[in-house]
Amino acid sequence: MKESDVILASIPQADGGKKNRPAIILRELPMHGDFLVCGVSTQLQHYLKNFDEIISPQDTDFKSSGLLSKSVIRLGFLAVLPRTSIVGTIGSIEKDRHHRLLKNLADFLLKNF
C-alpha cells in the first residue's frame, strides 16, 4: 500500500460503529506505519467546494481508482488507520489529484495561523 491508493478499510463512523468503505491514503505516518486516510462517499451533497474533490467517470483516473460511481473524496472525513484495518487496495488516484488533496488540507490547517 502506498500514498494515493484507494483502499477498502474498516473506518469509524459518527455513530461509533465501524463500516468497510473506500478511502484514500493521504500519508503514511512515521514510526508505526499507520495511514492518514480520507473517506470516499457517493453522498455528493457532502461535497465542500475548494476543499473536497469529486471523482467521476469522465476523470482520467476514475477507472484506475476502482470506484464504481461518481463520488466525493471527503477531506473532512479523516481517520488514522493501522494496516490491520485495511481490507485491501482497490485502485489509485493520479498524483496530481493526491497533491491537490494534500494542499487543500494543508492550506485549511494553516489558515489564520
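Does segment 77-97 include one or more residues that are within 15 Å of ILE24 (Cβ to Cβ) and assigned to a loop (DSSP other than H, G, I, E, B)? Within segment 77-97, one or more residues are within 15 Å of ILE24 (Cβ to Cβ) and assigned to a loop (DSSP other than H, G, I, E, B).
Is it fair to say MET31 is touching a strand residue (DSSP E or B) at 6+ places or on another chain (Cβ under 9 Å), hydrophobic (A, V, I, L, M, F, W, C) and in a loop (DSSP other than H, G, I, E, B)? Here the answer is no, as MET31 does not meet what is asked. Sub-8 Å Cβ pairs linking a first residue in segment 99-113 that is surrounded by 11 or more Cβ atoms within 10 Å (Cβ to Cβ) to a second residue that is among the β-branched types (Val, Ile, Thr), at least 6 apart or interchain, are LEU101/ILE24; LEU101/ILE73, ordered by first then second residue. Could you check, for segment 71-94, whether at least one of its residues is farther than 25 Å from HIS32 by Cα, loosely packed, with under 14 Cβ neighbours inside 10 Å and modelled with pLDDT of 95 or more? Checked against the condition, which is being farther than 25 Å from HIS32 by Cα, loosely packed, with under 14 Cβ neighbours inside 10 Å and modelled with pLDDT of 95 or more, segment 71-94 yields no hits at all.
Across segment 47-63, what is the total count of residues that are in a helix (DSSP H, G or I) and exposed (fewer than 14 other Cβ atoms within 10 Å of the Cβ)? Before the answer, list the steps.
So in segment 47-63, the residues in a helix (DSSP H, G or I) come out as 62-63.
If we keep only those that are exposed (fewer than 14 other Cβ atoms within 10 Å of the Cβ) as well, we get 63.
Of the residues in segment 47-63, 1 are in a helix (DSSP H, G or I) and exposed (fewer than 14 other Cβ atoms within 10 Å of the Cβ).
Residues of segment 98-113 that are in a loop (DSSP other than H, G, I, E, B) and either closer than 11 Å to ALA23 by Cα or among the basic types (Lys, Arg) (or both): LYS111 alone.
The values are calculated or read from the model by the stated rules, or taken from the named source; none is laboratory data. In this text, all values refer to a predicted model and were calculated from it rather than measured experimentally. In this analysis, Cβ positions are derived from the backbone assuming ideal geometry, glycine residues included, and neighbour counts consider all displayed protein chains.
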